[in-house]
Amino acid sequence: MRHCCPSGMVTFAGVLVFILALFNGLNGVAAINRSHVFVDGARIVVGDLRAWGWTLLVLGILLALIAAGILAGSQLARWVGVAVLSLNAFSHMWVVASYPLWSVLIIVLDILAIYALCVHWGTHEHEEATQ
């Protein structure tokens, strides 16, 4: 059985997950430091701005590791990625009242990455099995 490169959609998912990791990491550091990026009086459903920042930073680190695994072709990274992307989408619901456009954008990108991981992963595996 030959080893094959990930499909274009899987590569897209890996890169998208890495971009989401960067977004979460930058937002997490900004929230931890209470940067002026965040509006005064921003409403967060659970916790405060620093707790939100730590949550984003941890999710960002996890997503970066998952992106590396996806690009390496790991099945474990694929399924853990689906779970963590789901958590990431859910976590952005906590601030949708304060940052509606940003939150919805991140949620849409999470769903797009989940779609790419769930639907397009096994294309090469199926082609190899039928040959």
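A few remarks follow.
- Calculated FRET efficiency for the pair residue 33/residue 76, C-beta based, R₀ 41 Å, to 0.05: 0.75
- Going by accessible surface with a 1.4 Å probe and the largest first, 19, 70, 32 read 19, 32, 70.
- Rounded to the nearest Hz, the phi-derived 3J(HN,Hα) couplings of the range 105-116 under the Karplus curve 6.51 cos²θ - 1.76 cosθ + 1.60 (θ = phi - 60°) are 4, 5, 4, 5, 5, 4, 5, 5, 5, 4, 4, 4, where x marks glycine and proline.
- From phi via Karplus (6.51, -1.76, 1.60), per-residue ³J(HN,Hα) for the range 65-73 in Hz, x at Gly/Pro: 5, 5, 4, 4, x, 4, 5, 7, x
- 5 angstrom amide H check on residue 98, placed H, neighbours 5+ away: 43
- Put simply, when 74-81, 24-31, 93-100, 10-17 are sorted by average Cβ atoms within 10 angstrom per residue, most first, you get 10-17, 24-31, 74-81, 93-100.
The values are calculated or read from the model by the stated rules, or taken from the named source; none is laboratory data. For clarity, every value in this text was computed on a predicted model and none was experimentally measured. A quick note on method: Cβ atoms are made from the backbone with ideal geometry, for glycine too, and the neighbour counts reach across all protein chains shown. Keep in mind that these areas ignore ligands, DNA and RNA; they rest on the heavy atoms of the full protein, side chains included. Shrake-Rupley method; radii C 1.70, N 1.55, O 1.52, S 1.80 Å.
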